[in-house]
Amino acid sequence: MNTLFEYTIRLADDSLILGHRMSEWCGHGPILEEDIALTNIALDLVGQATSFLAYAGETEGKKRDADALAFLRFDREYKNALLVEQPNGDFGMTMMRQFLFDAFRKPLFERLQHSSDKQLAAIAEKSLKETKYHLKHSSEWVIRLGDGTEESNGRIQDALNTLWRYTPDLFYADEVDQEMQQQGIAPDMAAVYADWNATVQHVFQEATIEIPSNNWKQTGGRKGLHSEHMGHILAELQYMQRAYPNMEW
Amino acid sequence: MKDFDTAELERKFQEKIDKDIKIEPKDWMPDDYRQTLIRQISQHAHSEIVGMLPEGNWITRAPNLRRKAVLLAKVQDEAGHGLYLYSATETLGADREQTIDDLHSGKAKYSSIFNYPTVSWADMGAIGWLVDGAAIMNQVPLCRCSYGPYARAMVRVCKEESFHQRQGFEIMMQLAGGTPEQKAMAQDALNRFWWPSLMMFGPNDAESKHTAQSVKWKIKRHTNDELRQQFVDVTVPQAEMIGLTIPDKDLKFNAETGKYSYGEIDWTEFWEVVKGNGPCNKERVDARRKAKENGEWVREAANAFAQKRALKKSA
Amino acid sequence: MSKNEWPLWEVFIRSKQGLSHKHVGSLRAADAQMAVENARDVYTRRSEGISIWVIESKDVYASDPTEADALFEPADSKVYRHPTFYDVPDGISHM
């Protein structure tokens, strides 16, 4: 197994699939200003995915470019965390998903920008700026909704209850991570987790919501074992490339 | 304050317009001028916002990452443009939420073109090339509109829109020069969007009830037919260049005038779509209404939170 | 207007260091922080700014256009405030 390819694909697919989900909001946001903000996040994520995928293609050396990797893999070959493929639900669900992800991505990129792999370091450095803003935006919304009305508090708590089980998948670490960490390419996941945990604890306290006591965990994304939602995402994402193979667009 | 009579105010107002002095929000203006502007700018804003939907329909299915990013950015711009325009109506005293509710109730109109479905990827090309092309023709003269905030919003809109038409034409060019399936897809999109694009300029001058007054007030600088002709004249050669056929058997170039004459527009179809009987009228307005309704609790929560924090701060 | 409509804010953008903030338009936001972020997303998508000011529209106090004559015309007659009012003989430079 090409571990650098595998590691990079995981980073890429998180951005690709969450970017896909966020782009579903375009034209349907709760107010025009927020519609524009959500699309900005989607655009950042699609941009990150493009950079990571292009690099993954290079490291693979099989002449697959970013598009070939984005659109022409089979479902088990997508390695995004389960969290990012979860449906948008209401605006609270989307913001909670975004927050849990941003709080993970920020400490990850903060470390990855010092990676011994110069290309990954460069992508992480650029993406970190975007991610900091995403985290600011999503954490403010989680707090606003949590400490807003009784209804909004209930909805954001529900979102957390639903999504919490997918958070361990973000920190899933196997031999790929170990090898990358040994080579100084990937950061220590335990440290990333500690930062993530501090952020979520702080924000949930401000938002007056609680981490559910049910500790049921869902993992599998990094091994390509996804929820039922993933197939539908891919059906849309890949439609053109599958229906009209080998054409330029 | 001295009590001017309205006739005197109106005379001075028209004098300013004639001298190309812009009207600003707090200036005196005839009520009809205000109402005409509110109607026109809000229709324009609604068109931008409803216009997000047919293109938004293809974002998750864009054929590659570059096209996906471009389409996202373009649809996002439309949200921005809608917002600039709602801002302009707010300077005239029209509250945004009320304006939007008028769209949802069917009282306010928007450009009929967005009531046609986008059934293939090529429609993204056709919309950018034809619909944005037609929109630009309408919009460029509005940058010199007599009402300051509208003119300024339009300057911004036109600057940002310059890439919209190009990206659409690029899609069409790629398809037209591609495989037979792609070329057929492009021709089919042109066939479906050509006539509705011509309708975008509105009824013939003889039928257009607002034109004369709007020209006098410099809200409008050209008539519907003038703009439509200009659009046909620039677009036909573009289609020829990429090897697509305009679906009009009566289309003829007149070497004497340098202009194209074109076939009769199906005005029955136009009025039916305006009345709400187009293929997607209901879906479009329903989607916008749903977005507003689903966002109600979010907007309420944000207000409640802001009030709580303000209280905390002052305590 | 429903009770849930957010207040209106005026947005001012500094396009680069050395220039002052300029009014660019308005938007709606529940609070000042959100107004700044919305302004970033709405008005600086093409790198138009490096600094943002927002102020709630209701807090802007403006001069009355019907008083424009009294407010601004008296300055028109004071031409001696402008350098072009003065004659400088040929041959004199740097003035």
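Based on what the data block shows, is C:Asp41 away from chain B (no Cβ under 11 Å) and of a type in the set (Asp, Glu)? No; evaluated as a whole, the condition is false for this residue. Here is a check on your reading of the model: is A:Ala54 crowded, with 24+ Cβ neighbours inside 10 Å and at pLDDT 95 or above? No. Considering the conditions (1) among the hydrophobic types (A, V, I, L, M, F, W, C); (2) surrounded by fewer than 22 Cβ atoms within 10 Å (Cβ to Cβ); (3) within 11 Å of chain B (Cβ to nearest Cβ), A:Met1 is excluded by exactly one of them, (3).
Per the conditions (1) more than 14 Å from every other protein chain (Cβ to nearest Cβ); (2) touching a residue at least 40 places away in the same chain (Cβ under 8 Å); (3) buried (at least 17 other Cβ atoms within 10 Å of the Cβ); (4) within 19 Å of the chain's Cα centre (by Cα), the sole criterion not satisfied by B:Cys280 is (1).
If the condition is being more than 10 Å from chain B (Cβ to nearest Cβ), touching a helix residue (DSSP H, G or I) at 6+ places or on another chain (Cβ under 7 Å) and farther than 9 Å from A:Met96 by Cβ, then the stretch A:134-163 contributes A:His134, A:Leu135, A:His137, A:Ser139. Going by the conditions given, is C:Val42 among the β-branched types (Val, Ile, Thr) and free of Cβ contacts under 8 Å to residues at least 12 places away in the same chain? Judged against the criteria, C:Val42 is not a match.
Does A:Ile211 satisfy the criteria of being surrounded by fewer than 18 Cβ atoms within 10 Å (Cβ to Cβ), in contact (Cβ under 8 Å) with a residue 40 or more places away in the chain and β-branched (Val, Ile, Thr)?
Working: surrounded by fewer than 18 Cβ atoms within 10 Å (Cβ to Cβ): yes; in contact (Cβ under 8 Å) with a residue 40 or more places away in the chain: yes; β-branched (Val, Ile, Thr): yes.
Yes, satisfied.
Do we have C:Val60 as without any contact (Cβ under 8 Å) to a residue 60 or more places away in the chain and under 30 Å from B:Glu293 (Cα atoms) here? Steps first, please.
Working: without any contact (Cβ under 8 Å) to a residue 60 or more places away in the chain: yes; under 30 Å from B:Glu293 (Cα atoms): no.
When the stated conditions are applied, C:Val60 does not pass them.
Has the stretch B:223-239 got any residue that is free of Cβ contacts under 8 Å to residues at least 40 places away in the same chain and assigned to a loop (DSSP other than H, G, I, E, B)? Working first, answer last.
Taking the stretch B:223-239 and keeping what is free of Cβ contacts under 8 Å to residues at least 40 places away in the same chain, we get B:223-226, B:228-229, B:232-233, B:236-237.
From what's left, assigned to a loop (DSSP other than H, G, I, E, B): B:223.
Yes, the conditions are met somewhere in the stretch B:223-239.
Among A:Glu179, A:Glu130, which is the only one that is touching a residue at least 60 places away in the same chain (Cβ under 8 Å), among the acidic types (Asp, Glu) and touching an Asp or Glu at 6+ places or on another chain (Cβ under 9 Å)? Before the answer, list the steps.
Values: A:Glu179 fails: touching an Asp or Glu at 6+ places or on another chain (Cβ under 9 Å).
Step by step, each of A:Glu179, A:Glu130 is checked, and only A:Glu130 is touching a residue at least 60 places away in the same chain (Cβ under 8 Å), among the acidic types (Asp, Glu) and touching an Asp or Glu at 6+ places or on another chain (Cβ under 9 Å).
In the stretch C:14-30 there is no residue that is within 30 Å of A:Leu38 (Cβ to Cβ), touching a residue at least 12 places away in the same chain (Cβ under 8 Å), within 13 Å of another protein chain (Cβ to nearest Cβ) and surrounded by fewer than 11 Cβ atoms within 10 Å (Cβ to Cβ).
State all residues of the stretch B:240-256 that are free of Cβ contacts under 8 Å to residues at least 60 places away in the same chain and either among the charged types (D, E, K, R) or assigned to a loop (DSSP other than H, G, I, E, B) (or both); if no residue qualifies, say none.
Step one: filter the stretch B:240-256 for residues free of Cβ contacts under 8 Å to residues at least 60 places away in the same chain, giving B:240-241, B:245-256.
Across the stretch B:240-256, the qualifying residues are B:Glu240, B:Thr245, B:Ile246, B:Pro247, B:Asp248, B:Lys249, B:Asp250, B:Leu251, B:Lys252, B:Ala255, B:Glu256.
Assess whether A:Glu248 counts as being free of Cβ contacts under 8 Å to residues at least 24 places away in the same chain and either in a helix (DSSP H, G or I) or within 29 Å of A:Ser23 (Cβ to Cβ) (or both).
yes
Residues in the stretch B:64-109 that are farther than 24 Å from C:Trp6 by Cα and within 13 Å of the chain's Cα centre (by Cα): B:Lys109 alone.
Go over the candidates A:Thr59, A:Thr39 one by one and state the one that is farther than 30 Å from A:Asn153 by Cα, of a type in the set (Ser, Thr, Tyr) and either touching a residue at least 12 places away in the same chain (Cβ under 8 Å) or more than 13 Å from every other protein chain (Cβ to nearest Cβ) (or both).
On the way: A:Thr39 fails: farther than 30 Å from A:Asn153 by Cα.
Of A:Thr59, A:Thr39, the one residue that is farther than 30 Å from A:Asn153 by Cα, of a type in the set (Ser, Thr, Tyr) and either touching a residue at least 12 places away in the same chain (Cβ under 8 Å) or more than 13 Å from every other protein chain (Cβ to nearest Cβ) (or both) is A:Thr59.
If you go through the stretch B:110-124 and keep only what is outside any helix (DSSP H, G or I) and either within 14 Å of chain A (Cβ to nearest Cβ) or without any contact (Cβ under 8 Å) to a residue 24 or more places away in the chain (or both), you end up with B:Tyr110, B:Thr118, B:Val119, B:Ser120, B:Trp121.
Within the span defined as the stretch B:261-282, every residue fails to be part of a loop (DSSP other than H, G, I, E, B), of a type in the set (D, E, K, R) and under 30 Å from B:Arg11 (Cβ atoms). Taking residues in the stretch B:257-274 that are free of Cβ contacts under 8 Å to residues at least 40 places away in the same chain, and partners anywhere that are of a type in the set (Asp, Glu) and assigned to a helix (DSSP H, G or I), the pairs with Cβ atoms closer than 9 Å and at least 6 places apart or on different chains are B:Gly258/B:Asp233; B:Lys259/B:Asp233; B:Tyr260/B:Asp233. Residues that are buried (at least 18 other Cβ atoms within 10 Å of the Cβ), within 14 Å of chain B (Cβ to nearest Cβ) and either over 17 Å from the mean Cα position of the chain (by Cα) or part of a loop (DSSP other than H, G, I, E, B) (or both) are absent from the stretch A:219-236. Restricting the search to the stretch A:16-26, which residues are without any contact (Cβ under 8 Å) to a residue 40 or more places away in the chain and within 12 Å of the chain's Cα centre (by Cα)? Once the filter is applied, which keeps residues that are without any contact (Cβ under 8 Å) to a residue 40 or more places away in the chain and within 12 Å of the chain's Cα centre (by Cα), the stretch A:16-26 yields only A:Gly19.
For A:Asp14, the conditions (1) away from every other protein chain (no Cβ under 13 Å); (2) surrounded by fewer than 21 Cβ atoms within 10 Å (Cβ to Cβ); (3) acidic (Asp, Glu) are fulfilled apart from (2).
The values are calculated or read from the model by the stated rules, or taken from the named source; none is laboratory data. Because the structure is predicted, anything quoted here is derived from the model rather than measured. Note: ideal-geometry Cβ built from the backbone for every residue, glycine included; neighbour counts use all protein chains shown.
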